[in-house]
Amino acid sequence: MRKPVIAGNWKMYKTLGEAVDTVLALKPLVANANHCEVVVAPVFTALKVVADRLEGSNIGVAGQNCSTEVEEGAHTGEVAAFMLRDVGARYVIVGHSERRQHYFETDTMVNKKCHAGFAADLNVILCVGESLAQRDRGVAEQVVNGQLSGGLNGLTASDLDRIIIAYEPVWAIGTGRTATPEQAQEMHAFIRRVFADRYSDQAASNLRIIYGGSVKPDNIAGLMSQTDIDGALVGGASLQAESFAKIVNYK
Ligand code: PGA
């Protein structure tokens, strides 16, 4: 049985005080959510304080990004995966479309970040997804397949337990336009087949594939009813404790 993951990606929102207020409000609202892993991804500067406030709770903490470099060194402005782990993060998001689009991250960079995350013993949430133009051209699967093979290059059997794939069609992120549960299911099933071909049926059936792109309290249940959707990566609707809790408690 795959345990769903519901992760809130706070992007570049919230001061330290706001981040703390949000998790303190969230904690009691999701305290009984044993059906899934609950994760929040604050900005780097709030990670340590948020992780401290969440210690002993059922909410895990994620970094939104990490350096391609595994070791410390002269890399101004970068944060290493092991430093995320050091401040209490247990997950890291890599290859988010905003980073691919606006910060020109390539599959090679995303791949290095995956390996840095594994080396630091983090669960890696690897984001993939096509643009609207790519979907309209009929090459969505090809694009996702390319991102998977680039991003997962050199992954070992032991890394497979720690990878989570987030399918986030770019046209659905922050647009209010969600993929239909059927559209999402179709791509999730495709991703699972890619894993079966690349690794094994067992690896494919254990893999958690979460959906992201305008997930809201009123569309989560429909998405979660699909066989291959194992959770959600939530942006806008994760910023308020109440709406994120509604998504976590979708059952
Ligand atoms: P959204 O963002 O829920 O605001 O569309 C999702 C994401 O970017 O991870």
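Couple of notes before you dig in:
- Of note, Lys246 does not satisfy the criterion of being modelled with pLDDT under 95 and out of contact with any Gly (no Cβ under 6 Å at 6 or more places or on another chain).
- When the stretch 172-184 is limited to residues that are buried (at least 20 other Cβ atoms within 10 Å of the Cβ) and assigned to a helix (DSSP H, G or I), the one that is modelled with the lowest pLDDT turns out to be Ala172.
- Complete set of residues in the stretch 185-221 that are within 15 Å of the ligand (Cβ to nearest atom), surrounded by fewer than 16 Cβ atoms within 10 Å (Cβ to Cβ) and part of a helix (DSSP H, G or I): none
- Scan of the stretch 222-244 for residues that are away from the ligand (no atom under 15 Å from the Cβ) and either within 20 Å of Met12 (Cα to Cα) or among the β-branched types (Val, Ile, Thr) (or both), ordered by number: Thr227, Ala241, Glu242
- Meets criteria (charged (D, E, K, R), in contact (Cβ under 8 Å) with a residue 12 or more places away in the chain and either on the phi > 0 side of the Ramachandran plot or touching a helix residue (DSSP H, G or I) at 6+ places or on another chain (Cβ under 7 Å) (or both)) for Asp228: yes
- For the stretch 58-65, the criterion of being surrounded by fewer than 19 Cβ atoms within 10 Å (Cβ to Cβ), within 16 Å of the ligand (Cβ to nearest atom) and within 28 Å of Ala241 (Cα to Cα) is met by none of the residues.
- Taking every residue in the stretch 10-29 that is at pLDDT 95 or above and pairing it with any residue that is assigned to a helix (DSSP H, G or I) and surrounded by fewer than 15 Cβ atoms within 10 Å (Cβ to Cβ), at least 6 positions away or on another chain, the pairs with Cβ-Cβ distances below 8 Å are Leu16/Thr45; Ala25/Glu242; Leu29/Glu242.
- Here is the figure for the stretch 76-119: residues that are in contact (Cβ under 8 Å) with a residue 40 or more places away in the chain, within 16 Å of the ligand (Cβ to nearest atom) and over 15 Å from the mean Cα position of the chain (by Cα) total 1.
- Residue that is in contact (Cβ under 8 Å) with a residue 12 or more places away in the chain, farther than 28 Å from Ser205 by Cα and surrounded by fewer than 20 Cβ atoms within 10 Å (Cβ to Cβ), where the choices are Val143, Val70: Val70
- Condition check for Lys27: in contact with a Ser or Thr (Cβ under 6 Å, 6 or more places away or on another chain), surrounded by fewer than 19 Cβ atoms within 10 Å (Cβ to Cβ) and either under 18 Å from Arg90 (Cα atoms) or of a type in the set (A, V, I, L, M) (or both): yes
- All positions within the stretch 106-125 that are of a type in the set (Val, Ile, Thr) and crowded, with 21+ Cβ neighbours inside 10 Å: Val110, Val124, Ile125
- Residue match in the stretch 73-85 (condition: touching an Asp or Glu at 6+ places or on another chain (Cβ under 9 Å), of a type in the set (A, V, I, L, M), closer than 21 Å to Val20 by Cβ and buried (at least 17 other Cβ atoms within 10 Å of the Cβ)): yes
The values are calculated or read from the model by the stated rules, or taken from the named source; none is laboratory data. For clarity, every value in this text was computed on a predicted model and none was experimentally measured. Positions of Cβ are generated from backbone atoms using ideal geometry, with glycine treated the same way; all protein chains shown enter the neighbour counts.
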